[in-house]
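One structure is given here, and the rest of the page talks about it.
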Number of protein chains: 2
Amino acid sequence: MARRASRYSREREKCSGREPPDMGFKTDIEIAREAKKQPIQQIGAKLDIPSEALLPYGHDKAKVGQEFINSLDDRPNGKLILVTAINPTPAGEGKTTTTVGLGDGLNRIGKRAAICIREASLGPNFGMKGGAAGGGHAQVVPMEDMNLHFTGDFHAITAAHNLLSAMIDNHIYWGNELGIDERRVTWRRVIDMNDRALRDVVTALGGVANGFPRQTGFDITVASEVMAILCLAADLDDLQSRLGDMIVAYTRDRAPIYCRDIKADGAMTVLLKDAMQPNLVQTLENNPAFVHGGPFANIAHGCNSVIATKTALKLADYVVTEAGFGADLGAEKFMNIKCRKAGLAPDAVVIVATVRAMKMNGGVAKADLGAENVAAVEAGCANLGRHIKNVKGFGVPVVVGINHFAGDTEAEIAAVKAYVAEQGAEAILCKHWADGGAGAEELARKVVELADSGVAEFTTLYPDEMPLFEKIEAVAKGIYHAGEVTADKKVRDQLTAWEEAGYGHLPVCMAKTQYSFSTDPNERGAPEGHTIPVREVRLSAGAGFVVAICGEIMTMPGLPRVPASENIRLNEDSLIEGLF
Amino acid sequence: MARRASRYSREREKCSGREPPDMGFKTDIEIAREAKKQPIQQIGAKLDIPSEALLPYGHDKAKVGQEFINSLDDRPNGKLILVTAINPTPAGEGKTTTTVGLGDGLNRIGKRAAICIREASLGPNFGMKGGAAGGGHAQVVPMEDMNLHFTGDFHAITAAHNLLSAMIDNHIYWGNELGIDERRVTWRRVIDMNDRALRDVVTALGGVANGFPRQTGFDITVASEVMAILCLAADLDDLQSRLGDMIVAYTRDRAPIYCRDIKADGAMTVLLKDAMQPNLVQTLENNPAFVHGGPFANIAHGCNSVIATKTALKLADYVVTEAGFGADLGAEKFMNIKCRKAGLAPDAVVIVATVRAMKMNGGVAKADLGAENVAAVEAGCANLGRHIKNVKGFGVPVVVGINHFAGDTEAEIAAVKAYVAEQGAEAILCKHWADGGAGAEELARKVVELADSGVAEFTTLYPDEMPLFEKIEAVAKGIYHAGEVTADKKVRDQLTAWEEAGYGHLPVCMAKTQYSFSTDPNERGAPEGHTIPVREVRLSAGAGFVVAICGEIMTMPGLPRVPASENIRLNEDSLIEGLF
């Protein structure tokens, strides 16, 4: 039993920010398996999606048909609510759990609401435990499928990405008419697996018949620009156009070679045709959940697909979505990239915080989180305060959701509430983990009040026409409260070259540690005046942003010493063990 | 228009063995798109599969649930009919087309019949035109999906295979407790893409954090032993057990390391759980078609899955299935590997031949196939005669199906019929390409007569206990009519070593050119007394056979100079162009 408990522990920390439960508690997967799922057609009917517009995948998953989506164009949009969070700590914050809980809470108070979250990557599940969708009584089901192949979207992205890779090498093989410099092929390959041996490889060995050897590598599928594009594309035409725009290599004299030059964009679009259709599943309380897309939150924008969000806004009165990491990275990219590009504007933002995370931000070690420590909570609230201020800067009203843990004391909760009130916002205690939607009703009512108030006047942080380096400075100073941004001449020259090539209007996609406002992951709280070094910049010409890398970027994870996969199996009842 | 015609030409040759049609004819894809598909639940109902036992993938595809399959155990089996063919020529023979036509013909004459065919590999579709399932009015639909991601089975196999690859390198990385010799890792990686640059690669470059560099490579997914296992496994337990049995590497002193030692078999089984369930689709005439599995026909056994065939036998009175390549390779492996391993026994065999292919076997060049040439037909019939004799040797009654082409003359057809009659069998002219099931009614009636006659006394070619090299000789002499089998000492020693290690009871899986009974692809007709050189042997310990390689084996194709993918796209109506 000790072993089981330790598994639960890891799971809870990752998925819903929980300590190992008493053995009397049910685990996430036990709760999920007891779910009374409704046929997916019934879930669709709640949003008036006709049965024939749903392409079923089994009985509990479906894709929403493209033709039906096209037919919604003239409908008004519902209200858009973003769930974001403080900087993550090992204590966990429960952003997805709160997204699900809020969605269920809104439905419970009689609103027509849907949630929009990201799909899980397959590979990492075999390293650490799988990232379930939410936790406790605020989950999305079917959890097993969502952590395995789901509806095949990521497999389609892998295939589309690697078709382009094969066609590039094939072009070189058959004469290299485009004059690609083999040393300057920037397009790598992808696989949805944690496989460190593939990070850096030499291909095309073995002689003439296999092509020209060159050094390259594999990234994990979620890091593909194809993934970012799928999540930002308005429709299939836009998808193909963006795929065509991707830069895959350079000639000897540094002229870019586009995917379009390789003539891969059409076939890639065919491979992605089904993947572009949003997936519909349900929460434990049988409310609709769109789960679609899952771009890396560092080298991409880390939000679910635009097409899912826009479809949900046509079908529901309130749409709750989330963005990767803390608000400094996730919400910033949601606003400056996703909303800017897609013409979306959030009506309210929920910032998720926990008493435990506040304590850690206040300097308490993880082992000591059990003891009441109001002073530490108060000290740690500076991190939360910074996020509240930042989000308000986007012109959107904010409410704080305190994701409740059994060990939280009255005094600690009161300290957070008082602090938030000082910042001109309200903090609401939420018990959706224990109670489902019923535990998030108060938050739901507040969100409705804010979203319906019409006070939101969404604005991005910087205009399109601002020079690229200034955009980076705008985020670093305006959001991270840094004192300066440094970059060597090569980086600055590169940005200038892209501006001259017509890419100056793009937003910047910051790649930085999620654990701190600074580039030092150990610096909690609300540091200011620090230096943000931009080590490297990359152009995602198809996705439409310039990535500014301010730290280490790992685009292919490895497996740990004892990978989770060693314990994943089917049990006697054909149920999956070890994945959660 | 010339360009379109040439595309059609290639398609017809590949799929249904047709010349470029007059422009008045409809193409395969045009016919397929006009299909009046029934909801897949209705197709299932024809075999009394309850709706809840079908896991739908869209409206026209479904997987048959494992629990339902388990519930069929006590039912009697229907009759099993194998469709095989003469050695393929560039003129085409139309084996899948005949399988579909015969299935429809059986249904038309009032029999409860189903067909079982293989799934298509994704990658090759981007090189040459996609292999549609059948042709003309004898096709399986939805053709587009079947040539793209279908129900994700191959993606699941790719993921399971590559999880094991990653876990092997990860094991070495974290200390190599098993003592794997990095030079002797036999397990490669797979991708469902034609990508010659991946045939031979060096992985784990880039320093300490990425592991130990070693030379390895990628095969195409259909060549994976995991694919062969999925197609031979009786159920999920058997699947896991076979996966565990796979040899993935050797130690310095040549001791085998099994997949089980890496502890990957449980997680691989979880990844393959859904893929193990057979897929149900329909023919143009709305008859049930199981499409499941697709192992390489040279380094594996080239038949659809055992679980699909067995399920179909429980549900239908007549089950028509096919095997890869000509009868010397496909039918031989069907009998000696699939039937032996699965306890199946065919009740009748259809050998597909065409007048055109007989002419080519008789020495006529492809350009001259248009002119009547009875003498050449008669000369070429030797190839067909050899196959008839071989198949009869398995104790199963044979009928020849002549797949009709518009240019065939009465005299040529009569010549084939007369020749087959001399061999003690009957040849029946079939017009399913033009007329669908109606064109195959006569063949269907004959097949019913043979299958119901009870004359079949199925026997394999060699017993389990025969030494491995003698098994190779048994096939080479008994089927290919070779004079001798040669192999150097290394090969013979290897076979002896496997016998000593307990693998002597396995059948042999011959890898040889499909174009001839000899190892020279240009030697048509019925050569005899030739030498079969065994260049290499490989042990597939999980699939359960020893591969004897008698020629070049290409396990990773490349793309041609102008890959089909350059012309694949969605048109204005969102229909796929260029794939077929």
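Just a few scattered comments:
- Expected-Rg normalisation [2.2 N^0.38 Å, Cα atoms] applied to the range A:310-361: 1.36
- Estimated FRET transfer efficiency (B:ALA209, A:ASP253; beta-carbon r; R0 30 Å; 0.05): 0.30
- Qualifying GluC sites (Glu not before Pro) in the range A:153-249, DSSP loop, other Cβ atoms within 10 Å at most 10: A:GLU177
- Restriction of the GluC sites (Glu not before Pro) in the range A:26-109 to DSSP coil positions whose beta-carbon has at most 15 other beta-carbons within 10 angstrom yields A:GLU34.
- Solvent-accessible surface (1.4 Å probe) assigned to A:GLU572 amounts to roughly 150 Å².
- Within the range A:230-305, the trypsin sites (Lys or Arg not before Pro) that combine a DSSP coil assignment with at most 12 other C-beta atoms in a 10 angstrom radius are A:ARG252, A:ARG254.
- Label-point spacing for B:SER71 across the identical copies (point 7 Å from Cα in the Cβ direction), in nm and ascending order: 3.4.
- Residues whose placed amide H lies under 5 Å from that of B:GLY401, excluding near-sequence neighbours: B:ILE351, B:VAL352, B:ALA353, B:ILE428
- Built from the Cα atoms of the range A:385-425, the convex hull projects on average onto 3.0 nm², one quarter of its surface area.
- Listed values for the range B:456-469 are Karplus-derived 3J(HN,Hα) couplings in whole Hz (6.51 cos²θ - 1.76 cosθ + 1.60, θ = phi - 60°), namely 5, 10, 4, 9, 7, 6, 8, x, 3, 7, 5, x, 4, 5, and x replaces Gly and Pro.
- 3J(HN,Hα) from dihedral phi, the range A:41-51, Karplus parametrisation 6.51/-1.76/1.60, rounded to Hz, x for glycine, proline: 5, 5, 5, x, 4, 4, 10, 6, 8, x, 3
- Stokes-Einstein diffusion coefficient of the range B:424-576, Kirkwood radius over Cα pairs, 37 °C, 0.692 mPa s, in µm²/s: 167 µm²/s
- Placing unit charges on each Cβ (+1 for Lys and Arg, -1 for Asp and Glu) gives chain B a dipole about its Cα centre, and among B:MET146, B:GLN42, B:HIS505 the Cα reaching farthest toward its positive end belongs to B:MET146.
- Copies compared at A:PHE25 - label distances in nm, ascending, label defined 7 Å from Cα in the Cβ direction: 6.9
- With Cα atoms, 0 to 90° folded angle of helix A:489-498 axis to chain A main axis: 80 degrees
- Alpha carbon convex hull of the range B:359-433, projected area averaged over orientations, nm²: 5.0 nm²
- Whole-number D in µm² s⁻¹ for the range B:490-580, Kirkwood Cα-pair radius fed into Stokes-Einstein, 25 °C, 0.890 mPa s: 146 µm²/s
- Dimensions in Å of the protein assembly as shown - Rg and Dmax from alpha carbons: 31.1, 102
- Both numbers refer to the Cα atoms of chain B; Rg and Dmax are 23.2, 73 Å.
- Descending Cα extents along the principal axes, the range A:241-359, whole Å: 56, 35, 24
- Cα centroid separation - the range B:153-199 against the range A:164-180, whole Å: 26 Å
- Principal axis dimensions, the range B:153-272 - Cα atoms, whole angstrom, descending: 42, 32, 23
- Scattering curve values for the range A:349-403, log₁₀ I(q)/I(0), Debye with Cα scatterers, q = 0.15, 0.19, 0.24, 0.29 Å⁻¹: -0.43, -0.63, -0.86, -1.07
- Share of carbon and sulfur in the accessible heavy-atom surface of the protein assembly as shown [1.4 Å probe, %]: 48 percent
- Amide H contacts of B:ALA62 (H built 1.01 Å from N, under 5 Å, at least 5 apart or other chain): B:TYR57, B:LEU280
- For the pair the range A:397-423 and the range B:513-580, the centres of their Cα atoms are 66 angstrom apart.
- Residues whose amide H falls under 5 Å from that of B:HIS530, counting only those 5 or more places apart or on a different chain, are B:GLY483, with hydrogens built in the peptide plane.
- Cross-linked pairs A:LYS95/A:LYS129; A:LYS310/A:LYS341; B:LYS310/B:LYS338; A:LYS263/A:LYS341; B:LYS79/B:LYS310; B:LYS26/B:LYS431: Cα-Cα separations exceed 20 Å for A:LYS263/A:LYS341.
- The stretch between B:LYS417 and B:ALA375 holds 13.7 nm of extra length on full extension. This uses 0.36 nm per residue minus the Cα-Cα distance.
- Relative to the dominant Cα principal axis of chain A, helix A:410-422 is inclined by about 60°.
- Heavy-atom accessible area for B:HIS161, with the other protein chains in place and a 1.4 Å probe, reaches approximately 10 Å².
- Using the Karplus relation 6.51 cos²θ - 1.76 cosθ + 1.60 with θ = phi - 60°, the per-residue 3J(HN,Hα) values for the range B:65-80 come to x, 4, 4, 4, 4, 4, 6, 8, 2, 7, 6, x, 8, x, 8, 9 Hz, with x marking Gly and Pro.
- Cα-based helix-to-principal-axis angle, B:236-245 vs chain B, degrees rounded to 10: 60 degrees
- In plain terms, if you count all Cα to Cα distances in the range A:34-120 and split them into 5 Å steps from zero, the share in each step is 3, 11, 16, 22, 21, 15, 7, 5, 1 percent.
- Inter-label distance, A:GLN42 to B:LYS36: 3.4 nm, where each label sits 7 Å from its Cα along the C-beta direction.
- Inter-copy label distances for A:GLU457: 9.6 nm (label point placed 7 Å from Cα along Cα→Cβ; shortest first).
- Diffusion coefficient of the range B:130-194 by Stokes-Einstein, Kirkwood radius over Cα pairs, 37 °C, 0.692 mPa s: 222 µm²/s.
- Residue-normalised accessible area of chain B, expressed per residue, 1.4 Å probe, Å²: 34 Å²
The values are calculated or read from the model by the stated rules, or taken from the named source; none is laboratory data. Note that the structure is predicted; figures quoted are calculated from it, not measured. Cβ: placed from backbone, ideal geometry, glycine included. Neighbour counts: every protein chain shown. The area values use the complete protein model at the heavy-atom level, side chains included, leaving out ligands, DNA and RNA. Shrake-Rupley method; radii C 1.70, N 1.55, O 1.52, S 1.80 Å.
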